[in-house]
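The block underneath contains the structure these notes are about, expressed in structure tokens.
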Amino acid sequence: MNIRKTVFALAALACLTASVAVAADTKPSKASTPAASAAGAKASAKAAAPAAAEKQNVQLMRVSQLNSVEANQTFNQNMRLVQSQLQAISEMKARLEKETSASEKAKIQKEFDEALAKLNENNQKMWDTYRWSVNRQYLVVPEKSSLYMVLTPEEAAKVAAEQEKADAAKK
């Protein structure tokens, strides 16, 4: 067991909940075409990152770009997995410190060592794939988002009819 890695990982846990910030421009775009609108949103998102960094007196370095919904979902799923492993290790560490029975302590220590090895392995995979580590803080800047409303078939038909009526009125 590498105690330095353990202490560093536990220290990272303390700041992990605040480590991933989301920055986005909430003002609607005034662009007239979808392409211009997307370009404006992308520029706004890029501008938000330096503004957020400036407020915190830090510099930002782009380390990864997720180019699809699936890639974003996979990244978030993997990030949550590593964070939950870190939380479990923290809890094991607390149990280990409270335990007085030598046999139970040895059992918890074995679980702890295995969990720490798995965390280090997954953290390395995240680093190799995304340049993301549980030991660093990151700023996530969404460059494109879609918002979907869940509708019943009846509601969808009503909205479509209203849209057709509005489109006809414009002509």
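The values are calculated or read from the model by the stated rules, or taken from the named source; none is laboratory data. Everything numeric in this text was worked out from a predicted model, so none of it was measured. Heads up, the Cβs are rebuilt from the backbone with ideal geometry, glycines too, and the neighbour counts pull from every protein chain shown. We work out accessible area using only protein heavy atoms, side chains counted, and drop any ligands, DNA or RNA first. Shrake-Rupley method; radii C 1.70, N 1.55, O 1.52, S 1.80 Å.
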Do the conditions hold for SER44, that is, is it within 16 Å of LYS144 (Cα to Cα) and either modelled with pLDDT under 50 or open to solvent by less than 90 Å² (accessible area, probe 1.4 Å) (or both)?
yes
Name every residue in the range 142-157 that is open to solvent by 90 Å² or more (accessible area, probe 1.4 Å) and aliphatic (A, V, I, L, M), in order of residue number.
LEU147, MET149, VAL150
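Residue by residue, here is whether (1) surrounded by 11 or more Cβ atoms within 10 Å (Cβ to Cβ); (2) within 29 Å of SER145 (Cα to Cα); (3) touching a helix residue (DSSP H, G or I) at 6+ places or on another chain (Cβ under 6 Å) holds:
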residue	(1), (2), (3)
MET61	no, yes, no
GLU70	no, yes, no
GLN73	yes, yes, no
LEU86	yes, no, yes
GLU99	yes, no, yes
GLU104	yes, no, no
ASN120	yes, no, no
Considering each of ALA31, ALA88, ALA38, ALA51 in turn, give the residue that is more than 18 Å from the chain's Cα centre (by Cα) and at pLDDT 95 or above.
ALA88
